[in-house]
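Please read the structure below before turning to the comments.
The values are calculated or read from the model by the stated rules, or taken from the named source; none is laboratory data. Remember, it's a predicted structure, so these values are computed and weren't measured experimentally. Please note: Cβ atoms are built from the backbone with ideal geometry, for glycine as well, and neighbour counts cover all protein chains shown.
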Amino acid sequence: MNVEIWSDIVCPWCYIGKRRFEAALARFAHRDAVTVVWRSFELDPHAPRRHPGTLDDLLARKIGATRAQAVALNAQVTTLAAAEGLAYRLDRAQPGNTFDAHRLLHLAAERGLQEAVKERLLQAYFTEGLPIGEADSLVQVVAEAGVDATEARAVLAGEAYAAAVRADEQRAVALVISGVPFVVVDERYGVSGAQSPDMFLDVLEQAWAAARPLALIGDADEASTCDGDRCAV
């Protein structure tokens, strides 16, 4: 079973959704048969490498709210994250452009390290306050997750994996994905938002059942079954 998850590094609901999906996957009887791929999505493709000011200031400008309202909203999402075991420190967050982070996630996928790098990037941004758009921070973070630092720096110095990021984003448009997180299971089932573990588990079970025909138990006995004109009623 293939699961694709579109998300962005600076999306607070994406980290919460990741934990909720992981909780569902842990309960799924066939979890060893599930492959999870993280797809690229930029909430703000035109963002500078590093936004000036705080995340509260940025949110207030984005939604047209007062700073106090933005602080309250960030406090609410911090509380929800804590319920999933995540220690958000949004007062430390240094938002910026995430295109390079997504490029490194594609590199990590080729090295079999995408899950580890995805987790480490989210932790670095939401808990540790590392600037997510700056090359030195990105190299440090992905190296801690196992990616060769020299290779990561070489990727950021050029255009490697840029096309892969754009391809993910174009596919999101084709699938009419306008917000994240968004989970796609076997290219048939879509789940929008950081849904509950129960919801994610239900989708996994539906997809599993739909992809596999019923198993026949015992030998077919023509004498005891009806099939077309063989049965007179």
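Structure above, values below:
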{"item": "Some residue of the range 27-44 being surrounded by 12 or more Cβ atoms within 10 Å (Cβ to Cβ), of a type in the set (Lys, Arg), under 16 Å from residue 124 (Cα atoms) and in contact (Cβ under 8 Å) with a residue 40 or more places away in the chain", "result": "no"}
{"item": "Pairs where the first residue, in the range 198-223, is at pLDDT below 65 and the second is part of a helix (DSSP H, G or I), C-beta under 9 Å, 6+ apart", "result": "222/230"}
{"item": "Answer residue from the range 193-212, given it is within 15 Å of the chain's Cα centre (by Cα) and part of a helix (DSSP H, G or I) and is surrounded by the fewest Cβ atoms within 10 Å (Cβ to Cβ) among those", "result": "197"}
{"item": "Selection within the range 114-126 - free of Cβ contacts under 8 Å to residues at least 60 places away in the same chain and either surrounded by 20 or more Cβ atoms within 10 Å (Cβ to Cβ) or aliphatic (A, V, I, L, M) (or both)", "result": "116, 117, 120, 124"}
{"item": "Considering residues of the range 156-186 that are part of a strand (DSSP E or B) and among the β-branched types (Val, Ile, Thr) only, the residue surrounded by the most Cβ atoms within 10 Å (Cβ to Cβ)", "result": "183"}
{"item": "Residue satisfying condition, being surrounded by fewer than 18 Cβ atoms within 10 Å (Cβ to Cβ) and either more than 17 Å from the chain's Cα centre (by Cα) or closer than 17 Å to residue 15 by Cβ (or both), within set 190, 129", "result": "129"}
{"item": "Filter result (surrounded by 18 or more Cβ atoms within 10 Å (Cβ to Cβ) and under 20 Å from the mean Cα position of the chain (by Cα)) within the range 132-155", "result": "132, 133, 138, 141, 142, 145, 147"}
{"item": "Members of the range 134-155 found to be in contact with a helix residue (DSSP H, G or I) (Cβ under 7 Å, 6 or more places away or on another chain) and in a loop (DSSP other than H, G, I, E, B), listed by number", "result": "145, 146, 147"}
{"item": "Selection status of residue 24, buried (at least 18 other Cβ atoms within 10 Å of the Cβ), aliphatic (A, V, I, L, M) and over 21 Å from residue 167 (Cα atoms)", "result": "yes"}
